[in-house]
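Working notes, beginning with the structure itself.
The values are calculated or read from the model by the stated rules, or taken from the named source; none is laboratory data. Fair warning: this is a prediction, and the values are worked out from it, not measured in the lab. All Cβ positions, even for glycine, are placed from backbone atoms using ideal geometry, and neighbour counts span all protein chains on display. Quick note on the areas: whole protein, heavy atoms, side chains included, nothing else; ligands and nucleic acids left out. Shrake-Rupley method; radii C 1.70, N 1.55, O 1.52, S 1.80 Å.
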Amino acid sequence: SYRQEGLLRSQNLGDSNAKRLGPHVYSIADRSYRQMMSEKRKSQSILISGESGAGKTETTKIVMLYLTTLGSNTSGSEEGGGSAEGEKLSIMERVLQSNPILEAFGNAKTLRNDNSSRFGKFIELGFNRAGVLQGAKVQTYLLEKVRLGFHASGERNYHIFYQLLRGASEEQHQKYCFHDGITGGLELANFFHYTGQGGAPQLREFTDESGLKMTLKSMRSMGWSDDKIDQVLSIVAGIFHFG
């Protein structure tokens, strides 16, 4: 109905007497930005909730992309800091680049959803009086820590573990002591206890190899040095050997 009626009504061409269309992610995001920029200048809040697999993670991405696009500085005068790669990115791009990192360390495959967020997050976007995005802050809470030690059949641990096992280079395999020769023919993801309890299934939407590339790209975009990235991956690798 949005494709047929929403566009027409936005141009005053639709049936004005028809019933009101239901809530829509773009409509809600647009209304919140317009109300924030009105004369009263009131801060806005958007609550995204629903059962597992309802689309909360993807809806959050859409809202963030829409709001950051509206608030982007088209003059191109704002740049990020950190690494050489990060300095080329605008604030909008750096805010969006944080998503792959959060998903790698906080999302996992469940029976109903290949990319289920196993934590809650509060995302705060800051705009100036001209409506230009100035920065963002993300607070996470209630991470499902029990998933580190146990997950059900058909499910997976957090994405970062499978990304590292399946996407690491041969040099990293040696560095992190991922010795394929001791697995008895099993894939590494099935060999380690913390990743193999559910059968280490592949994801349908993307591969773990491509996921690691995206995660590393996001880390560098956020200004993480190579030493910091290596320290984080070393901690992840160490968890395998605890199990």
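General observations
- Stokes-Einstein diffusion coefficient of the stretch 119-183, Kirkwood radius over Cα pairs, 20 °C, 1.002 mPa s, in µm²/s: 136 µm²/s
- A simple rule links phi to the HN-Hα coupling: the Karplus curve 6.51 cos²θ - 1.76 cosθ + 1.60 with θ = phi - 60°, which for the stretch 100-109 gives x, 5, 4, 6, 4, 9, x, 10, 8, 7 Hz, with x for Gly and Pro.
- Solvent-accessible area, 1.4 Å probe, carbon plus sulfur percent, for the stretch 80-213: 55 percent
- Scalar couplings 3J(HN,Hα) for the stretch 130-142, obtained by applying the Karplus form with A = 6.51, B = -1.76, C = 1.60 to θ = phi - 60°, are 8, x, 8, 5, 9, x, 8, 9, 10, 10, 10, 7, 6 Hz; x denotes Gly and Pro.
- Chymotrypsin sites (Phe, Trp or Tyr not before Pro) within the stretch 122-172: DSSP coil, no more than 16 neighbouring Cβ in 10 Å: Phe150
- Think of a 1.4 Å ball rolled over the protein heavy atoms: the stretch 84-212 then has 51 Å² of accessible area per residue.
- Measuring between their Cα centroids, the stretch 188-210 and the stretch 222-243 lie 18 Å from each other.
- Pairs exceeding a 23 Å alpha-carbon distance, out of Lys61/Lys175; Lys175/Lys228; Lys42/Lys137; Lys61/Lys121; Lys145/Lys175: Lys61/Lys175; Lys145/Lys175.
- Whether the stretch 165-230 is rounded, prolate or oblate, judged on the alpha carbon gyration tensor where a/c under 1.5 counts as rounded: oblate
- In loop segments of the stretch 120-202 as defined by DSSP, the trypsin sites (Lys or Arg not before Pro) with at most 15 further C-beta atoms inside 10 Å of their C-beta are Arg129.
- GluC sites (Glu not before Pro) within the stretch 142-243: DSSP coil, no more than 12 neighbouring Cβ in 10 Å: Glu205
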